[in-house]
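Participant: The structure under discussion is supplied below as structure tokens; questions concerning it will follow.
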Amino acid sequence: MFPIVESREIAKNVFFQKIQAPRIAKKRKAGQFLIIRKGEGGERIPLTIVDSDPIGGTVTIIYQVVGKSTAELSKMKAGEELQDVVGPLGLATHIENFGTVSVFAAASGRPRCSRSPLRSRMPATSWCPSSGRATRN
């Protein structure tokens, strides 16, 4: 059994949960995921690992309620236990150090891209994936 350490709604139908899973917290890498099952007859739900605390032994997930299983998961409170948490699964994301990166996002339904005020650290041209265009700043 895997106890939920923290559970809260961070936006409408978007939930943040910390789960006690010491082995997973120590081994997980960026880009990996878990498969969670709430109870004996429950559906297996794949969810991305957002963060982990190897010392505290917790993993963090953030998910949106989109169906019956995530709705049931969202009703679980701190202190309740999950039947199964399997992971870390999937190939870890390859990460290289290219220097400083700035990302700006807005919740308007349309992604926006912008350069940081720290112009000396950013290239003169930025690419915005939402429009597929390069812009000169």
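Participant: Please determine whether any residue of the range 110-119 is at pLDDT below 90 and at positive phi.
Facilitator: Looking only at the range 110-119, we keep the residues that are at pLDDT below 90, and these are 110-119.
Next, from what is left, pick out any that are at positive phi: none.
So far as the range 110-119 goes, no, none of its residues is at pLDDT below 90 and at positive phi.
Participant: So is S74 hydroxyl-bearing (S, T, Y) and closer than 27 Å to I95 by Cβ or not? Even if it seems obvious, please write down each step before you answer.
Facilitator: Numbers: hydroxyl-bearing (S, T, Y): yes; closer than 27 Å to I95 by Cβ: no.
It is false that S74 is hydroxyl-bearing (S, T, Y) and closer than 27 Å to I95 by Cβ.
Participant: Select from the range 1-18 the residues that are aliphatic (A, V, I, L, M), under 16 Å from L47 (Cα atoms) and at pLDDT 95 or above and list them in ascending order.
Facilitator: Across the range 1-18, the qualifying residue is only I4.
Participant: In this structure, is T60 farther than 17 Å from L89 by Cα, among the hydroxyl-bearing types (S, T, Y), touching a Phe, Trp or Tyr at 6+ places or on another chain (Cβ under 9 Å) and surrounded by 13 or more Cβ atoms within 10 Å (Cβ to Cβ)? Steps first, please.
Facilitator: Numbers: farther than 17 Å from L89 by Cα: no; among the hydroxyl-bearing types (S, T, Y): yes; touching a Phe, Trp or Tyr at 6+ places or on another chain (Cβ under 9 Å): yes; surrounded by 13 or more Cβ atoms within 10 Å (Cβ to Cβ): yes.
In short, no.
Participant: Taking V103, is it farther than 19 Å from K12 by Cβ, of a type in the set (A, V, I, L, M) and without any contact (Cβ under 8 Å) to a residue 40 or more places away in the chain? Explain how you work it out, then say what you get.
Facilitator: Values: farther than 19 Å from K12 by Cβ: yes; of a type in the set (A, V, I, L, M): yes; without any contact (Cβ under 8 Å) to a residue 40 or more places away in the chain: yes.
So V103 passes the test.
Participant: Inside the range 1-29, can you point out the residues that are under 22 Å from L91 (Cα atoms), crowded, with 18+ Cβ neighbours inside 10 Å and touching a residue at least 60 places away in the same chain (Cβ under 8 Å)?
Facilitator: Passing the criteria: I19, A21, I24, R28.
The values are calculated or read from the model by the stated rules, or taken from the named source; none is laboratory data. These figures come from a predicted structure and were not determined experimentally. Cβ sites come from the backbone with ideal geometry, for glycine too, and all protein chains shown count toward neighbours.
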